[in-house]
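The block underneath contains the structure these notes are about, expressed in structure tokens.
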Amino acid sequence: MLPILTSDSYRGFSSDMHVLGAGGAQPLFVGRIVWPGQKYASDAVIKLYQPETCGLANEVIGFIANKARRIAQPSNAGILLLEPRHLTGVHSSINDFQDPATGLVATWVTSLEQNTKPFSYIRRLSTFSSKQAKAFYRSLFCKALASVDHVTGNNDRHEGNFLYIDDLKYMAIDQGCVGGGLHWHMTWPDNRARNQLLDITREELSVNELSGWIAEAILEHERTQAIWAEIAEEIKSSLIGLLDDESSETIVQYMDERVSGSTYTESCGKLI
């Protein structure tokens, strides 16, 4: 189970990462957190979601699924409950993010991983080569993450939503758009959620390379299928208090349908 932290674990604001609400992105800042089992505070990335969205639930779903598939991601994660007074360094008004029932701001918090950069940033460097790009798309990380993103319906895996460590190491971040977005609970999760990793892989690899990639990606998806029942059970138990029973059942059923059968194979086939 992911931890639910309170202000007792929070040691204060460090720096902004996004201006509140800019460009439609969720606001981010760096704060100091004492994680369970740790003695000293360390830097963490703290993300705010409006209480009427299912952003926190989405992050939990994605983190659990990625962890089960051993996809690299921040080493610590959880939900951090703060009072508005703790967020004065972020912005003067946070009313949109305050739960009217509790008066608290529920945030998603992950450890700040040092020496990482968004893949989109690395690709802009003049020293970055097509060989390095292809190394990513051929990696086990990419193939496993494409499978999980398909199952969870995460349609926001652009190149800023995974981190580059070196040419052989990467890290997944930001699972806020599971189910196709932040508001799937108001209608139904998107059955046509775009898998951006599949799309950008098609752009980078030749037809022959892509055929080999698809064969290996389908094998990775079979590994996801093999352990999905266990993942789904953990997700169900972790969504208690984040979603009502109906919404929880809805998203699990949605993912059960997407993991089974040939839906992933068919989506990969469209790349050829």
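The values are calculated or read from the model by the stated rules, or taken from the named source; none is laboratory data. Values in this document were obtained by computation on a predicted structure and should not be read as measured data. We place every Cβ from the backbone using ideal geometry, glycine too, and count neighbours over all the protein chains shown.
Key figures for this structure:
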| item | result |
| --- | --- |
| Residue check, residue 156 touching a residue at least 40 places away in the same chain (Cβ under 8 Å) and closer than 25 Å to residue 206 by Cβ | no |
| Residue among 184, 213 that alone is of a type in the set (Phe, Trp, Tyr), assigned by TED's automatic domain parsing to the domain that holds residue 255, in contact with a Leu (Cβ under 7 Å, 6 or more places away or on another chain) and surrounded by 13 or more Cβ atoms within 10 Å (Cβ to Cβ) | 213 |
| Search result, residues across the stretch 48-79 that are assigned to a strand (DSSP E or B) and either under 12 Å from the mean Cα position of the chain (by Cα) or crowded, with 24+ Cβ neighbours inside 10 Å (or both) | 48, 77 |
| Subset of the stretch 127-143 that is assigned to a loop (DSSP other than H, G, I, E, B) and closer than 18 Å to residue 196 by Cβ - its residue that is nearest to the chain's Cα centre (by Cα) | 139 |
| Tally, over the stretch 187-210, of residues that are surrounded by 12 or more Cβ atoms within 10 Å (Cβ to Cβ) and in a helix (DSSP H, G or I) | 10 |
| Residue check, residue 161 over 19 Å from residue 221 (Cα atoms) and in contact (Cβ under 8 Å) with a residue 40 or more places away in the chain | yes |
| Search result, residues across the stretch 104-128 that are in contact with a helix residue (DSSP H, G or I) (Cβ under 9 Å, 6 or more places away or on another chain), more than 15 Å from residue 44 (Cβ to Cβ) and of a type outside the set (A, V, I, L, M, F, W, C) | 123 |
| Selection within the stretch 110-126 - of a type in the set (Val, Ile, Thr) and either part of a helix (DSSP H, G or I) or modelled with pLDDT of 95 or more (or both) | 110, 122 |
| Members of the stretch 222-272 found to be surrounded by 13 or more Cβ atoms within 10 Å (Cβ to Cβ) and of a type in the set (D, E, K, R), listed by number | 223, 234, 236, 249, 256, 257, 258 |
| In the stretch 63-97, residue farthest from residue 224 (Cα to Cα) [restricted to those that are in contact with a strand residue (DSSP E or B) (Cβ under 7 Å, 6 or more places away or on another chain) and at pLDDT below 95] | 89 |
| Flag if residue 175 is without any contact (Cβ under 8 Å) to a residue 60 or more places away in the chain and either assigned to a helix (DSSP H, G or I) or surrounded by 22 or more Cβ atoms within 10 Å (Cβ to Cβ) (or both) | no |
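Table: residues versus (1) in the same structural domain as residue 252 (by TED's automatic domain parsing); (2) touching a residue at least 60 places away in the same chain (Cβ under 8 Å).
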site: 101; (1), (2): no, no
site: 106; (1), (2): no, no
site: 127; (1), (2): yes, no
site: 143; (1), (2): yes, yes
site: 151; (1), (2): yes, yes
site: 166; (1), (2): yes, no
site: 180; (1), (2): yes, no
